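Reading through the structure tokens given below for one structure.
The values are calculated or read from the model by the stated rules, or taken from the named source; none is laboratory data. The shown structure was predicted, so the numbers you read here are calculated from the model rather than taken from an experiment. Methodologically, a virtual Cβ is constructed for each residue, glycine included, from the backbone with ideal geometry; neighbour enumeration extends over all protein chains shown. Quick note on the areas: whole protein, heavy atoms, side chains included, nothing else; ligands and nucleic acids left out. Shrake-Rupley method; radii C 1.70, N 1.55, O 1.52, S 1.80 Å.
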Amino acid sequence: MTRGSRDQDRVAGAQHLPLFTQPVSAGFPSPAQDYLESRLDLNRLCIRQPAATFFVRVEGESMLEAGIHDGDMLVVDRSLDACHGDIVVACVDGEFTVKELALRPRVRLLPRNPAFAALEFADGQSLDLVGVVTCCLRFFRKPG
């Protein structure tokens, strides 16, 4: 076991849950597999750098076409360098937002819903890229 995986288990409280490696059909039903093929730790799947990772709940509808909906939980990694096309959490003039990062032809934050306008930056505006969104969790039934 590497130091990183030990840290991840300790920090994130690893729980190894059943994983059926046979995919589930979203079209026509396929014959069910009656056996468990492996185990999955959701922390290990969703979190690469525990010390640099945080969760944030989404409020609003500006990212619907990216599959990010109001109430979803995002996994955000502060250790990653944001690249063109990444979904990021940013702080613009003291307000937090989640948008797609565009670096070309100029820096902009793009919503993924045509009802919203892109965020363009003028002199004097502050933009701080907080982290890169690596995972989105959606609850179909509210926990609790």
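Points to keep in mind about this one:
- All positions within region 61-78 that are open to solvent by 70 Å² or more (accessible area, probe 1.4 Å) and either more than 12 Å from the chain's Cα centre (by Cα) or within 17 Å of Leu119 (Cα to Cα) (or both): Glu61, Glu65, Asp70
- Filtered by the rule that a residue be of a type outside the set (D, E, K, R) and closer than 21 Å to Phe55 by Cβ, region 95-127 gives Phe96, Thr97, Val98, Leu101, Leu109.
- Test result for Leu74, touching a Lys or Arg at 6+ places or on another chain (Cβ under 7 Å) and farther than 21 Å from Gln125 by Cα: no
- Region 40-60, subset open to solvent by less than 90 Å² (accessible area, probe 1.4 Å) and of a type in the set (Gly, Ala, Ser), residue farthest from Val76 (Cα to Cα): Gly60
Table: residues versus (1) touching a strand residue (DSSP E or B) at 6+ places or on another chain (Cβ under 9 Å); (2) open to solvent by 70 Å² or more (accessible area, probe 1.4 Å).
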site: Leu80; (1), (2): yes, yes
site: Ile87; (1), (2): yes, no
site: Val98; (1), (2): yes, no
site: Ala115; (1), (2): no, yes
site: Gln125; (1), (2): yes, yes
site: Cys136; (1), (2): yes, no
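- Residue pairs meeting the criteria (Cβ under 7 Å; at least 6 apart or on separate chains; first in contact (Cβ under 8 Å) with a residue 40 or more places away in the chain, in region 91-111; second open to solvent by less than 50 Å² (accessible area, probe 1.4 Å) and of a type in the set (Lys, Arg)): Pro111/Lys99
- If you go through region 109-144 and keep only what is in a loop (DSSP other than H, G, I, E, B), out of contact with any Asp or Glu (no Cβ under 7 Å at 6 or more places or on another chain), of a type outside the set (A, V, I, L, M, F, W, C) and modelled with pLDDT of 90 or more, you end up with Pro111, Pro114.
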